[in-house]
Amino acid sequence: MGGDTSAHWLDEGKIAASLAKADTVDAGQIREILSKGLEMNGLDASDVAALCSVESPELAAELFEAARRVKEDIYGNRLVLFAPLYISNLCSNECLYCAFRVSNKQLARRALSQEEIARETEILIQQGQKRILLVAGESYPEEGFGYVLKSIDTIYSVKSGNGEIRRINANVAPLDVETFKELKAAGIGTYQCFQETYHRETYARMHKAGRKRDFDWRATVFDRAMEAGIDDVGMGVLFGLADWKFEVLAMMDTITHMEKTFGFGCHTISVPRMEPAFGSDVAAAPPHPVSDADFKKLVAILRLAVPYTGIIMSTRESADIRRATFDMGVSQISAGSRTNPGGYSDNEVAESQQFQLGDHRSLEEVVRDVAELGFVPSFCTACYRTGRTGKDFMDLAKPGLIKRKCAPNALASFEEYLLDYAGDATKTSGARVISKELGDMDPAVGKLAKGLIDKVDQGRRDVFC
Ligand code: SAM
Ligand code: SF4
């Protein structure tokens, strides 16, 4: 199994043909596809191509409503929170859209020491974070990739008050199978890697130097990660580089390849849109910008296409866009983010950041906003720590695991946040949402949730089922 060294499953001609055919699809056929999406068994490539062709506001509204219902049925009101932790901006690649690219001599380069990483972690814990996405450029200090492994150990070792980081996901450059095994042994949750663009010609134009020039090495990264036993992987593209419809279909083909090869697909999909980045002309004027209207559409389409795959919305987006997409299928959001190494300790928007952020609010402001919108901010890390990952997660998710387990766990983790980190206004909004959620739950699940919350109120921490 696995072992692919070329992304043979990506057929640009086939994608172009699907998109051309989709232009002839009528409203009746779109409505049939939306009904199929509501069955929550996912959609095939031709269905996805057809939904990408939706232009009329009326059909777009029906698409959003279908996505909202699927999100509500599978995920309920939960939104999982995390923050990125940039450990280094050293990089030997030349990605034209990124401030960390090797030719950017004006960027202040910095690889944090283990003490500095511990300090950043402490600050995040003191804000109430429990999940971190470790991020680094593709060049490591003297010890090589061991630097990343050591950093993971450091982050997990930090305790502050009642808190600690309970799950580290990692967004680092593609590795070989042996190094992926070391990353797994270090205890990561999800391994994340964005293809940036699945369009080969665009990829070649945007990646001018370094290891990342090799399209196939990157496009086959999940084969190697999964072969190494990492079964939660997260994909994404950098929207703005090529036609968004092409990218969505290419992601679907990659997921189909993973399902055929390993029996299950992707744990998460991220949907980063390109943001301005220090000294980058490409980032200042993306070749294929995605409008807000299309962006919402693509989130809704992904929700219907792969209903059990989490969708991640980062702080690249403004608070308004983030709010608009919560309803349509987003299940994880970052908050209070800094994209420069040392950004939490320095507490200023530095020139060493990777790109500009759209949402500058603190974690607590985001939590309060999310709660006031009626969502449950979740800091839960139970699935990965109880071994519910990869195929096990997917198999259990389908008959309703998320509702039975994640909902009570989310409430318990939110109660922990409210008691340990929240101010009065957030406590009030939070208590309201918890009480509404408990009231709306199936009685048996509600009882379980109440039991967990009571334990937290009595002083226990990190309780889950
Ligand atoms: N250096 C590694 C790599 O490229 O795989 C890992 C992390 S890189 C710092 C994280 C991601 O940031 C990239 O995969 C890219 O999609 C995204 N990124 C780079 N420049 C960006 C920009 N101008 N706006 C938004 N996202 C950007
Ligand atoms: Fe380096 Fe990643 Fe930025 Fe490319 S996207 S320049 S590989 S940090």
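Looking at residue 123, is it crowded, with 23+ Cβ neighbours inside 10 Å, under 22 Å from residue 362 (Cβ atoms) and either among the hydrophobic types (A, V, I, L, M, F, W, C) or over 23 Å from the mean Cα position of the chain (by Cα) (or both)?
Values: crowded, with 23+ Cβ neighbours inside 10 Å: no; under 22 Å from residue 362 (Cβ atoms): yes; either among the hydrophobic types (A, V, I, L, M, F, W, C) or over 23 Å from the mean Cα position of the chain (by Cα) (or both): yes.
No: the conditions fail for residue 123.
State which residue pairs qualify: first residue touching a residue at least 24 places away in the same chain (Cβ under 8 Å) and part of a helix (DSSP H, G or I) and inside segment 422-449, second residue surrounded by 13 or more Cβ atoms within 10 Å (Cβ to Cβ) and acidic (Asp, Glu) in any location, beta carbons under 7 Å apart, and separation of 6 or more residues or different chains.
From segment 422-449, the pairs are 426/364; 429/372; 434/415.
Name the single residue that is most open to solvent (accessible area, probe 1.4 Å) among those in segment 311-330 being in contact (Cβ under 8 Å) with a residue 60 or more places away in the chain and not small (Gly, Ala, Ser).
Selected residue: 327.
Which count do you get for residues in segment 195-212 that are touching a residue at least 12 places away in the same chain (Cβ under 8 Å) and in contact with a helix residue (DSSP H, G or I) (Cβ under 9 Å, 6 or more places away or on another chain)?
Summing the residues that are touching a residue at least 12 places away in the same chain (Cβ under 8 Å) and in contact with a helix residue (DSSP H, G or I) (Cβ under 9 Å, 6 or more places away or on another chain) in segment 195-212 gives 11.
What are the residues in segment 104-154 that are among the hydrophobic types (A, V, I, L, M, F, W, C) and on the phi > 0 side of the Ramachandran plot, if any? Can you show your working first?
So the first thing to find is which residues in segment 104-154 are among the hydrophobic types (A, V, I, L, M, F, W, C), and the list is 107-108, 111-112, 117-118, 123-125, 132-136, 145, 148-149, 152.
Within segment 104-154, none qualify.
Inside segment 246-301, can you point out the residues that are open to solvent by less than 10 Å² (accessible area, probe 1.4 Å), closer than 18 Å to residue 47 by Cβ and β-branched (Val, Ile, Thr)?
248, 254, 255, 269, 299, 301
Can you name every residue in segment 83-120 that is in a loop (DSSP other than H, G, I, E, B), open to solvent by less than 40 Å² (accessible area, probe 1.4 Å) and within 13 Å of ligand 1 (Cβ to nearest atom)?
We begin by selecting, within segment 83-120, every residue in a loop (DSSP other than H, G, I, E, B); these are 89-94, 96-110, 112-113.
Of the ones still in play, those that are also open to solvent by less than 40 Å² (accessible area, probe 1.4 Å) are 89, 91, 93-94, 97-101, 104, 107, 112.
Result: 89, 91, 93, 94, 97, 98, 99, 100, 101, 104, 107.
Kindly state which helices (runs of 4 or more DSSP H) lie completely within segment 1-82 and contain at least 3 residues that are surrounded by fewer than 20 Cβ atoms within 10 Å (Cβ to Cβ) and at pLDDT 95 or above. Walk me through how you get there before you give the answer.
On the way: elements: 12-22, 27-38, 45-52, 57-75.
Of the helices (runs of 4 or more DSSP H) lying wholly inside segment 1-82, those with at least 3 residues that are surrounded by fewer than 20 Cβ atoms within 10 Å (Cβ to Cβ) and at pLDDT 95 or above span 12-22, 27-38, 57-75.
Which of the residues spanning segment 220-256 are out of contact with any helix residue (DSSP H, G or I) (no Cβ under 8 Å at 6 or more places or on another chain) and farther than 18 Å from residue 270 by Cβ?
Result: 220, 243.
Please find, within segment 198-240, the residue that is farthest from ligand 1 (Cβ to nearest atom) out of those that are under 20 Å from residue 48 (Cα atoms) and among the hydrophobic types (A, V, I, L, M, F, W, C). Please lay out each step first, then the result.
Applying the first criterion (under 20 Å from residue 48 (Cα atoms)) to segment 198-240 yields 198-199, 234-240.
Then keep just the ones that are among the hydrophobic types (A, V, I, L, M, F, W, C); that gives 235, 237-239.
Values: 235: 11, 237: 8, 238: 4, 239: 9 Å.
By that ranking, first place goes to 235.
The values are calculated or read from the model by the stated rules, or taken from the named source; none is laboratory data. Because the structure is a prediction, the values reported are computed rather than measured. As a convention, Cβ positions derive from the backbone with ideal geometry for all residues, glycine included, and neighbour counts pool all protein chains shown. Ligands, DNA and RNA are stripped out before the accessible areas are found, and what is left, the full protein with its side chains, is counted by its heavy atoms. Shrake-Rupley method; radii C 1.70, N 1.55, O 1.52, S 1.80 Å.
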